[in-house]
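K.L.:
Below is one structure. I have some questions about it.
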Amino acid sequence: MMIKIIDFSKYLSIKIGVALPVKVIDSFTYDRELKILGFGFNLLVAPSAKNLAILGDNFDYIRDLGDCIEVGGSTSSAKIFRYFWQNNLTGLEFLRALPGSLGGLVKMNAGMKEYEMKGILDSVCVDGVWRDAKTLGITYRKTKIDGVIFAARFKKVLGFQEGLLEKFSNMRKTHPKFPSCGSCFKNPEGDFAGRLLEAVGMKGYFINGVGFSEQHANFLVNKNRGIADFTSAMQVIELAEKKVFDIFGIKLQKEVIIIE
């Protein structure tokens, strides 16, 4: 198994981290102790993290199977979007506005508003075994998938919806321009994490350059790539959790994935 050195201050979308060794998985056989990374969106990786891995280039592909489209686990959202657009297929138009790789997008049931990966998801290859999407416990921003996503198949539905692109583009206009891991917390049922964070004074709160955006209270951003670090990010996140729980009695669930 090949080893790569990845500088996470460049690799992660929030641009926080240090250089660490990462194993490259090129087959369905792998060490179950490994922590599999995607393209680094919505991730924070501790300097002490060990047993890190990424999927190799042989899992970067898109295949037309007739009634389904199969996508490899390390295929980028941009590549998937482009394929669906060029082939007049609908269901994943929102990927134009979401970064990431297939594995992470499926694992978190990524989406925008009511548009989600599960909408046309047919089955997922987990640890080399194909499983029907209905058996994976897919709900808002989470699944019960326990294993590595090597590929997924999507129902082939014709009729790419050009009209949705402007809607998703407008939604992205509210997103901060600084390096970010995206939404830090999931929205509690019947409420919004951003509203709660703003109400407890976390909007615009920073420690060493990392904190919650003044533009969107639930976006964890990095305003100082020379100073912001993992410890500061965790301090901000933990303070936000404490304040929201102390004032509202709500235990926020992280959307950002912490790898330690």
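The values are calculated or read from the model by the stated rules, or taken from the named source; none is laboratory data. Not measured: the values here are computed from a predicted model. Every residue, glycine as well, gets a Cβ built from its backbone with ideal geometry; the counts of neighbours run over all protein chains shown. With ligands, DNA and RNA removed, areas are computed over all heavy atoms of the protein, side chains included. Shrake-Rupley method; radii C 1.70, N 1.55, O 1.52, S 1.80 Å.
K.L.:
Please state which of the following conditions residue 231 fails to meet, knowing it meets all the rest: (1) closer than 30 Å to residue 90 by Cβ; (2) among the hydroxyl-bearing types (Ser, Thr, Tyr); (3) out of contact with any strand residue (DSSP E or B) (no Cβ under 7 Å at 6 or more places or on another chain).
P.N.:
Looking at each condition in turn, residue 231 falls short on (1).
K.L.:
Which members of the range 114-130 meet the condition of being within 27 Å of residue 32 (Cβ to Cβ), surrounded by 16 or more Cβ atoms within 10 Å (Cβ to Cβ) and not acidic (Asp, Glu)?
P.N.:
117, 118, 121, 123, 124, 125, 126
K.L.:
Let me ask something additional. From the set of residues in the range 19-32 that are open to solvent by 60 Å² or more (accessible area, probe 1.4 Å) and outside any strand (DSSP E or B), which is farthest from residue 183 (Cα to Cα)?
P.N.:
Step by step, filter the range 19-32, then rank; the result is 29.
K.L.:
If you scan the range 65-83, which residues turn out to be of a type outside the set (A, V, I, L, M), in contact (Cβ under 8 Å) with a residue 40 or more places away in the chain and touching a strand residue (DSSP E or B) at 6+ places or on another chain (Cβ under 8 Å)? It would help to see each step written out before you state the result.
P.N.:
Residues of the range 65-83 of a type outside the set (A, V, I, L, M): 66-68, 70, 72-77, 79, 81-83.
From what is left, the residues that are in contact (Cβ under 8 Å) with a residue 40 or more places away in the chain are 66-68, 70, 72-73.
If the condition is that a residue be of a type outside the set (A, V, I, L, M), in contact (Cβ under 8 Å) with a residue 40 or more places away in the chain and touching a strand residue (DSSP E or B) at 6+ places or on another chain (Cβ under 8 Å), then 67, 68, 70, 72, 73 are the ones that fit.
K.L.:
Residue check: is residue 92 crowded, with 23+ Cβ neighbours inside 10 Å, out of contact with any Asp or Glu (no Cβ under 9 Å at 6 or more places or on another chain), under 20 Å from residue 161 (Cβ atoms) and of a type outside the set (Lys, Arg)?
P.N.:
yes
K.L.:
Among (1) in contact with a Lys or Arg (Cβ under 6 Å, 6 or more places away or on another chain); (2) of a type in the set (A, V, I, L, M); (3) open to solvent by 20 Å² or more (accessible area, probe 1.4 Å); (4) free of Cβ contacts under 8 Å to residues at least 60 places away in the same chain, where does residue 108 come up short?
P.N.:
(4)
K.L.:
Shifting gears a bit: Cβ-Cβ below 8 Å, separation at least six or inter-chain, first residue in the range 196-214 and basic (Lys, Arg), second part of a loop (DSSP other than H, G, I, E, B): which pairs?
P.N.:
203/213; 203/214; 203/217
K.L.:
Let me ask something additional. Which one of the conditions (1) in a strand (DSSP E or B); (2) more than 19 Å from residue 109 (Cα to Cα) does residue 191 fail to meet, given that it meets all the rest?
P.N.:
(1)
K.L.:
Let me ask another. Considering only the range 170-186, how many residues are open to solvent by 60 Å² or more (accessible area, probe 1.4 Å) and either among the hydrophobic types (A, V, I, L, M, F, W, C) or closer than 16 Å to residue 110 by Cα (or both)?
P.N.:
Qualifying residue count for the region: 2.
K.L.:
With respect to residue 233, is the statement that it is crowded, with 23+ Cβ neighbours inside 10 Å and either part of a loop (DSSP other than H, G, I, E, B) or modelled with pLDDT under 95 (or both) true?
P.N.:
no
K.L.:
To continue, here is another question. Which condition does residue 101 not pass, out of (1) touching a residue at least 60 places away in the same chain (Cβ under 8 Å); (2) out of contact with any Gly (no Cβ under 6 Å at 6 or more places or on another chain); (3) not basic (Lys, Arg), if it passes all the others?
P.N.:
Result: residue 101 passes all but (2).
K.L.:
Please pick out the residue among 178, 185, 154 that is among the aromatic types (Phe, Trp, Tyr), farther than 16 Å from residue 113 by Cβ and free of Cβ contacts under 8 Å to residues at least 60 places away in the same chain.
P.N.:
Testing whether each residue is among the aromatic types (Phe, Trp, Tyr), farther than 16 Å from residue 113 by Cβ and free of Cβ contacts under 8 Å to residues at least 60 places away in the same chain leaves just 178.
K.L.:
For the list (1) surrounded by 13 or more Cβ atoms within 10 Å (Cβ to Cβ); (2) modelled with pLDDT of 95 or more, I need the number of the one condition that residue 158 fails.
P.N.:
In the conditions (1) surrounded by 13 or more Cβ atoms within 10 Å (Cβ to Cβ); (2) modelled with pLDDT of 95 or more, residue 158 misses (1) alone.
K.L.:
In the range 187-222, what residues are basic (Lys, Arg) and surrounded by fewer than 17 Cβ atoms within 10 Å (Cβ to Cβ)?
P.N.:
The one that is basic (Lys, Arg) and surrounded by fewer than 17 Cβ atoms within 10 Å (Cβ to Cβ): 195.
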